[in-house]
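Undergrad: Handing you a structure now.
FYI, it's all coordinate maths here, none of it is from the lab. All values derive from a computational prediction rather than experimental measurement. Virtual Cβ from ideal backbone geometry, glycine too; neighbours counted across all protein chains shown.
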Amino acid sequence: MPGSTKFATVLSRAVVTPLARMLWRPKIIGRRNVPKRGPVILASNHRSFIDSPAITLMAPRKVAFLAKQEYFTGTGFRGAVSRAFFGGIGAIGVERGAGAAAQQALDLGLARLDEGEAFAIYPEGTRSLDGRIYKGRTGVAWLALTSGAPVVPVALTGTQDVQPVGSKLPKLAKVTIEFGKPIDLSSFGEASSGRARRHATDAVMAAIQELSGQEPANTYNNPPATIVERVRRVLQPDDPTAAAVDPD
């Protein structure tokens, strides 16, 4: 890890985390459920742009997550600040998209797990705009079954009030972050099995829904798509790379 990234990581833990705690006074439940070492997947519901910073800053260990590449390619002072902040809180730059881009995202997550790190993912694929919890994409199960890492379900409440969709600046609101008990998905089968991935993902989503109390939507949270993308979804409804992650 480059020295600048190490410095940014230390700075985020020493300055940004205490500041966030002081301003939002988040209620954190179940921190002991997150293993202190070894690979682990934090699978969370998704309500707001600030979900990833909230998880990474409040978790008991460093957590990597995916963020859009644009946060790392800016120029000038603003670009430098963006790179330092997102790099410091564990963000990994990735291009948006399905197919090859989505598989690359999963591979980046798998690489972090193989290195014994914690990795955060949103099985719903994108943010819920109506408050319901949507059906999970099977990328989370692919990662868990391929790496052997346990999955810790995470429920975020109130983050949608801190930074609602369309809002540029965060607001003060009550936030709760709950880490559930780790789930071992190995009993569901191999990562190559679509049935195993589907059932394992459903188990993860059930655990997240139990923590969050959200109403199940019982459908995928699909953003607007082209005709080609709609056809692909029909032909490959259980593609583990489809909307596996949403790099906000």
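Undergrad: So if I restrict to the alpha-carbon atoms in region 123-217, what is the Rg, and what is Dmax, the biggest pairwise distance, in Å?
TA: Cα only, region 123-217: 14.8, 44 Å (Rg, Dmax).
Undergrad: Along the Cα→Cβ direction, 7 angstrom out, place labels at Glu215 and Lys168. What is the inter-label distance in nm?
TA: It is 3.3 nm.
Undergrad: Would you mind checking Lys62/Lys181; Lys36/Lys68; Lys27/Lys135; Lys27/Lys62; Lys68/Lys174 for any pair whose Cα atoms are more than 23 angstrom apart?
TA: Those over the limit are Lys36/Lys68; Lys27/Lys135; Lys68/Lys174.
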